Amino acid sequence: MRALLDEQLPRPLGQELHGHEVRTVQQQGWAGISNGALLRLAAAAGFEVMITADRNLQFQQSVTGLSLGIMVLVTPSTKLTDLLLLVPAILDALTRVQPGQIQLVGRGSDRDRT
């Protein structure tokens, strides 16, 4: 799966997502771009999922009709030590995320949103 890590997530997280092609917003040269424009750019560039810790994104952006899915990490912080605990759940969710779907991953996040 081709995944894009949002800019608030540490780059080393991508190295833990074995079997997936992971790029960061910064690597793409898209730092500072608003969420709506970022989602459109990511979809146009062929990303299949965007991984973020921005819990507000699910309320601010409509993802219906997008050609990529959104994974929102529910975690106490964006420190790598906290995020590493989610790696097994992230890898599992990557097998299930669908285009136009928001999937929450982490504590109390056993639901999908569209």
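Just so you know, all these numbers are worked out from the coordinates, no wet-lab data involved. The structure displayed is predicted, hence computed values, not measured ones. Positions of Cβ are backbone-derived with ideal geometry, glycine not excepted, and every protein chain shown enters the neighbour counts.
General observations
- FRET efficiency for the Asn56 to His18 pair, using the beta carbon distance and R₀ = 35 Å, is estimated at 0.75.
- Over the chain, DSSP H runs of length four or greater, each weighted -39,500 (n - 2.57), average out per residue to a 222 nm ellipticity of -7000 deg cm²/dmol.
- Cα gyration tensor, segment 9-54 - rounded (a/c under 1.5), prolate or oblate: prolate
- The label-point distance for Arg2 and Ala44, in a model that sets each label 7 Å from Cα toward Cβ, rounds to 1.4 nm.
- Residues of segment 1-16 with amide N under 15 Å of the 7 Å Cα→Cβ point at Ser67: 2-3
- Of the three principal axes defined by the Cα atoms of segment 2-113, the extents in descending order read 30, 29, 25 Å.
- Percent of beta bridges antiparallel (DSSP, segment 2-113, rounded to nearest 5): 10
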